[in-house]
């Protein structure tokens with residue numbers, strides 16, 4: 001029996017019966033993060049370990065199969081990844097964590113009058129894709145940004161109508177649900193300078209929902225907008241309210 005067990009162990013070793021998971025955790029701007037808790041869950045596995053001083057971790061001798069990894073630290077937003085371990089192989093999981101937000105900057109939907117005063121453009125947009133939120137700290141304030149790839153159907157006060165063009169708008173929000181893929185809005189946009197190494201952001205923004213080319217939301221602070229107005233009529237009314245110094 002001992003000979004059989006020993007032979008089986010040698011056979012498993014020769015065939016590479018297990019694999020391992022290795023990876024790293026970095027802060028989005030500051031580099032490697034030490035002492036981040038990594039939780040690894042598989043069909044028959046539940047393991048926890050910490051990243052080392054270089055932000056790296058490794059867990060050997062894992063049975064082949066799918067695994068879910070979670071990186072957690074009290075000062076950062078946790079992240080989850082899925083990997084598959086193969087016999088004799090190494091599955092890699094590299095995390096980039098963003099600072100956790102206790103208070104989020106408010107740059108979105110401040111009201112029609114405020115939006116008109118701040119706007120550089122009134123655009124009719126349809127969102128084609130929405131990214132996961134990025135978070136970063138500026139002057140001790142937590143900022144949340146989401147990339148919206150939008151089809152810009154027209155731009156009223158930045159030249160003639162643009163036709164269909166694609167533009168990525170980096171929107172800073174105040175914690176509410178981001179606008180969804182496929183939704184269409186009339187938007188007031190002011191382009192902000194880049195924050196750190198991030199792309200320029202759009203804000204403040206005021207959004208008026210549109211469905212089938214007509215306004216579907218009536219606001220008491222929008223005297224020129226009525227439920228059911230065509231987009232062209234609504235945008236013309238808003239354009240007329242813009243401060244004359246911003247007209248082009």
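When you check residue 16 against the structure, is it on the phi > 0 side of the Ramachandran plot and at pLDDT below 95, yes or no?
On the way: on the phi > 0 side of the Ramachandran plot: yes; at pLDDT below 95: yes.
The answer is yes for residue 16.
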Exercise. List every residue pair whose Cβ atoms sit under 9 Å apart, with the two residues 6 or more apart in sequence or on different chains, where the first one lies in the stretch 23-46 and is in the same structural domain as residue 81 (by TED's automatic domain parsing) and free of Cβ contacts under 8 Å to residues at least 24 places away in the same chain and the second, anywhere, is outside any loop (DSSP other than H, G, I, E, B) and loosely packed, with under 13 Cβ neighbours inside 10 Å.
Key: 34/50; 43/66
Quiz item: Got a number for residues in the stretch 66-106 being modelled with pLDDT under 95, in a strand (DSSP E or B) and farther than 18 Å from residue 26 by Cα?
Solution: 1
Quiz item: Does at least one position in the stretch 60-78 carry a residue that is without any contact (Cβ under 8 Å) to a residue 24 or more places away in the chain and exposed (fewer than 13 other Cβ atoms within 10 Å of the Cβ)?
Solution: no
Quiz item: residue 51 fails exactly one of the following numbered conditions: (1) closer than 30 Å to residue 238 by Cβ; (2) modelled with pLDDT of 95 or more. What is the number of that condition?
Solution: (1)
Quiz prompt | Residue under evaluation residue 8, criteria (1) within 33 Å of the chain's Cα centre (by Cα); (2) at pLDDT below 95, criterion not met | solution = (1)
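The values are calculated or read from the model by the stated rules, or taken from the named source; none is laboratory data. Given the structure is predicted, the values throughout are model-derived calculations rather than measurements. Cβ atoms come from the backbone with ideal geometry, glycine included; neighbour counts cover every protein chain shown.
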